[in-house]
Amino acid sequence: MYRKLFAVLFIFGLLCPTAFALTEKEMNQKFSAAAEKAAASAAASSKDSMKDNMLLTMSFSERGVREAEKEVYETHVKLHGPDWTVPEMIDGYAYNRFFVYKALPSEIKDGSAQEEDGSYLLYSEKLLPNRKLIRAFAVYTGVKKTPRYEGRIGCKAYALGPQWVITSGTCPIKKYDESPIIVYDETYNERTDREIENFSIDGTKIKNPEYFSNGNVWLIYIPKEGNQNLINALSNKRPLKILGFSKPEHIFTLAANGQFYVHTSRYGALVSDKTKAKLRENSLEGTLFKASSSFNGTATDPFFYVKNGEEYLTAYNAAPERYHLNVSKDELFQSSWSGKSSNKYTILTLDDLQFIKNTIQKYNPASWTQLKSRMFIDNPRQLFK
């Protein structure tokens, strides 16, 4: 809506440069007319679009990592029970913990033990139950890490049922951003030690969620305990239909009998819009294809096929999603994400449908009973079984 509104006002200003000399009342009247026209155009564009998309967010923390220093001087720190606490950061460097036990005959035989002064010892990074501990220590690794910094990502999602949500595999729930972290002019090129704090759907936190991925899609499971209000809200969402393909090229056979649409989030919270898309012939590479549209989709944007007013999720935009961390408390909006744009999309395959079926059947068979009538293979007339 806002995109069209700005375009109307921009063209209006170019064609009518004297307009800005009008009275405030006249300007308000012309602005209202332009806004009304833009709103009508946006409403027409969004007709029959899958409007029940949601924002799945994940809050987390992680660290930046630097390579080990060239000269590493081994440093040991003794640890003491019962908590065996190790200084997480000493002069900004990381330590590993080791617990030393007298080796068992089986550990000597399989080579996991080390010989020292005629005795065999087992070094473990974990406390072992029912074993007599000889000593414990932490050793300097030479790897420099930042403190923990908070971050947040957001991905477009749809309800598969009251207890299941689906989003694109490009949603970086497990994947680290590739950009470096810069702290006090020091550059940390890698990231590590992610700890997920919570998931939310449209601002409502999910209690004890479970999440699964095959690389192409993510499934979020919402347990009943503690999530009843959210489950009730998801029950009122428009049912999502999914159309996958036994062979990627089969998607091109649908163009003659329906329309393709990109439902984008490139304008953030300001605009929920969609645009018609046309498959580019000879663009298929594996499960990737290109589509022409008035504007490209962004990371986690869905690609729908529409026939007779019914919409089917068929692909996801292939662009990556980037995010930033709260490295500096002085920088506003530092903890944010952004989806790159792309004209490439990844087709939902037979393997994706099988992954969805197997996962939901295993953890929540009742949900699969409801969903299986909304999953199709190759065309909207052929149910996936």
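Here are some notes:
- Summary of packing: across the peptides 93-99, 304-310, the per-residue average of other C-beta atoms within 10 Å ranks them, highest first, as 93-99, 304-310.
- Residue-count net charge about residue 226 - beta-carbon cut-off 12 Å; Lys, Arg +1, Asp, Glu -1: +2
- Solvent-accessible heavy-atom area per residue, rounded to whole Å², over region 202-301 at 1.4 Å: 51
- Across region 173-249 the C-alpha pair distances fall into 10 Å bins from zero in the proportions 13, 31, 28, 21, 8, 0 percent.
- Protection proxy ranking, peptides 312-319, 103-110, 233-240, 159-166, average beta carbon neighbours within 10 Å, highest first: 312-319, 159-166, 233-240, 103-110
- Stokes-Einstein diffusion for region 162-211, with the hydrodynamic radius set to the Kirkwood value over Cα pairs and evaluated at 10 °C in a medium of 1.306 mPa s, equals 116 µm²/s.
- Cα-only radius of gyration and Dmax that characterise region 192-351, units Å: 17.8, 54
- Residues whose placed amide H lies under 5 Å from that of residue 169, excluding near-sequence neighbours: 217, 218
- Relative to its residue count, region 58-117 spans a Cα convex hull of 224 Å³ per residue.
- For region 101-178, the Rg and Dmax computed from alpha carbons only, in angstrom: 22.8, 63
- When all protein chains stay in place and ligands, DNA and RNA are ignored, the 1.4 Å accessible-area order of 250, 324, largest first, is 324, 250.
- Reference-scaled alpha-carbon Rg (2.2 N^0.38 Å with N residues) for region 281-385: 1.38
- In this structure the amide hydrogen of residue 376, modeled in the peptide plane, comes within under 5 Å of the amide hydrogens of 242, 243, 244, 384, none closer than 5 places in sequence on its chain.
- log₁₀ of I(q)/I(0) at q = 0.17, 0.26 Å⁻¹ - region 204-252, Debye sum with one point per alpha carbon: -0.70, -1.07
- Relative contact order of region 149-269, defined on C-alpha pairs under 8 angstrom at six or more residues apart (%): 26
- Solvent-accessible area, 1.4 Å probe, carbon plus sulfur percent, for region 168-309: 44
- Inverse of mean 1/r across different Cα pairs in region 110-236, Kirkwood, Å: 19.2
- Those residues of region 223-244 whose amide nitrogen sits under 20 Å from the label point placed on residue 202, 7 Å along Cα→Cβ: 223-242
- Accessible-area ranking of 139, 262, largest first, probe 1.4 Å: 139, 262
The values are calculated or read from the model by the stated rules, or taken from the named source; none is laboratory data. This one's a predicted model, so the numbers in the text were calculated from it and none came from an experiment. For neighbour counting, all protein chains shown are included, and Cβ atoms are generated from backbone atoms with ideal geometry for every residue, glycine included. Each accessible area value is taken on the protein alone, full model and side chains, heavy atoms only, with ligands, DNA and RNA left out. Shrake-Rupley method; radii C 1.70, N 1.55, O 1.52, S 1.80 Å.
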